[in-house]
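To start, the structure under review is shown below, and the notes come after it.
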Amino acid sequence: MKKLAFLPLAVLAFTACSDLANPVTAPESGSFGVASPMTLLNAQIVISTGGAAGYRSSGPGNNGKGECFSSSSRKTNWVVMPGFWRNPEDNTTSDKPHAQCYGSGGGEVLDFQMFVNWVLPSSGSQNLNFQGFAGEDAETGEMVLTEAVTAAVHYNAQKKTTKGSGGFTYEGWTIDFSTINTTGNLLANQTLQHTACHATIGCRPVLLDWSAD
């Protein structure tokens, strides 16, 4: 995983008339449900030009460790899928396709981490509120918040729709969540596949994963 330097990151400027200027907010605690602030999210932008993006069924993870393989679980409805990852550090195995096994054959990927507040209201809705970029403190080795952002993706259980707002830019790649407005729950497995766009390279898939294996 790439370590982030403590340098200012360019945050996307949005116009006042855009949905990005009016992000949806969610309850963070109390009677509405359970909130998990400062949850670490792994993000991976697949920049590759050397093949189609997807989950691998063999080889090590993107960090060079562990093993990718095909398997099934309750979270995949017992359908065999590639992308499961065996973590050698704590000898655990993911219960669904993992970000460490997502990419393309020989392609280039850009990894970074963020903090999010994962809120589960008692209504059954799900709220993913982005707090900001995460980086490793050079002295303590702990992950700390390096820059705040304004972005969110919420699933409304009553309407059965997922809607996003806000966005941010990382190393020239812009992720705009205001384009998310669809039926169904895109947050169900604590992963989200979206799009990141670059002014000269174009748009590429991005995988966001805040699940705890």
statement: Residues other than S70 with Cβ under 15 Å of its Cβ, Lys/Arg counted +1 and Asp/Glu -1, net out at +2
statement: Expected sort for 143-155, 174-186 on mean C-beta neighbours within 10 Å, highest first, is 143-155, 174-186
message: Filter K65/K160; K75/K160; K65/K163 down to the pairs with a C-alpha to C-alpha distance above 31 Å, please.
response: K65/K160; K65/K163
- prompt: Once you charge only the Cβ atoms, +1 for Lys and Arg and -1 for Asp and Glu, what is the size of the charge dipole of the stretch 93-201 about its Cα centre, to the nearest 20 debye?
  reply: 860 debye
query: Rounded to the nearest 20 Debye, what is the dipole magnitude of the stretch 137-213 about its Cα centre when Lys and Arg each give +1 and Asp and Glu each give -1 at the C-beta?
result: 720 debye
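FYI, it's all coordinate maths here, none of it is from the lab. The structure presented is a predicted model; accordingly, all values stated were derived computationally and were not measured. Using ideal geometry, Cβ is built from the backbone for each residue, glycine included, and neighbour counts are taken over all protein chains shown.
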